[in-house]
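Here's the structure we're looking at; comments come further down.
What follows draws every value from the coordinates through simple rules; no lab data is involved. Because the structure is predicted, anything quoted here is derived from the model rather than measured. Glycine also receives a Cβ, built like all others from the backbone with ideal geometry; neighbour counts cover every protein chain displayed.
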Amino acid sequence: MNNFAVVILVIVLATAGAGGAFWMYYLQPAQDERAKLELEITGLKAKKDEIKTVQDEIARAKEDIERLTVDKNRLQMDSNQMSTVVPKLLDSIEAIANKYSVKFQDIRISPLVRAEQWSELPIELGILGTFQNIANFLVICEKRKILNLAAGSITISVSAETDPKSKSPLLTVTLNAKVYIMGSGN
């Protein structure tokens with residue numbers, strides 16, 4: 001063989017050795033690193049999607065908390081109104097009844113009925129008195145807007161008892177009325 005062929009062969013073998021070393025020490029590790037980084041990127045994208053899902057859940061939870069807070073505040077206001085309005089209502093009705101010698105037989109307060117701008121409190125009163133006293137009692141309750149008599153019903157019956165002062169028969173009146181509480185709606 002001649003020298004030229006030997007030099008070419010050495011150059012080819014050196015190039016092949018250099019290419020193999022390059023592939024082994026640089027190219028293959030770079031490809032492995034690339035595959036590893038692509039896998040990490042895929043994992044990070046999945047985590048990003050999970051984070052978005054969690055953020056959406058947090059937003060929904062915040063909306064639920066706001067809605068429940070509004071409901072809680074409304075219920076507390078209703079409870080506060082019931083605990084303040086009902087005693088005042090009963091005191092007012094009792095004061096008027098005492099003024100006109102009307103006796104209570106029964107009083108029933110139904111649950112609050114909510115509306116947009118107000119709430120209704122249905123009430124049933126059973127009272128006993130003379131015609132004059134009951135009429136005065138009802139007129140004053142209506143004038144002072146304690147009870148809304150137009151939104152209810154009245155049942156009147158004659159009692160077996162008589163008024164000791166006037167000797168006139170006593171009437172038993174069952175009154176279904178409503179009390180309106182402003183500003184306690186939804």
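One table, with the values for the structure above:
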item: Zero-based 10 Å bins, Cα pair distances in region 89-182, whole percents; result: 16, 50, 25, 7, 2
item: The chain, Cα convex hull volume normalised per residue, Å³; result: 160 Å³
item: Proximal lysines to Lys36, defined as alpha-carbon separation beneath 16 angstrom and excluding residues fewer than eight positions away on the same chain; result: Lys45
item: Helical mean residue ellipticity (222 nm; -39500 (n - 2.57) per DSSP H run of 4+; nearest 500) of the chain; result: -20500 deg cm²/dmol
item: FRET E, pair Leu75, Ala135, Förster distance 30 Å, beta-carbon r, rounded to 0.05; result: 0.15
item: Förster-model FRET efficiency, 41 Å R0, Thr15 and Leu37, C-beta, rounded to 0.05; result: 0.85
item: Normalised contact order of region 89-182, rounded percent, pairs of Cα under 8 Å and 6 or more residues apart; result: 32 percent
item: Spin-label model distance (nm) - Thr53 vs Ala30, 7 Å beyond Cα toward Cβ; result: 3.8 nm
item: Unsatisfied cross-links (Cα-Cα over 22 Å) in the set Lys143/Lys165; Lys72/Lys178; Lys88/Lys145; Lys72/Lys145; result: Lys143/Lys165; Lys72/Lys178; Lys72/Lys145
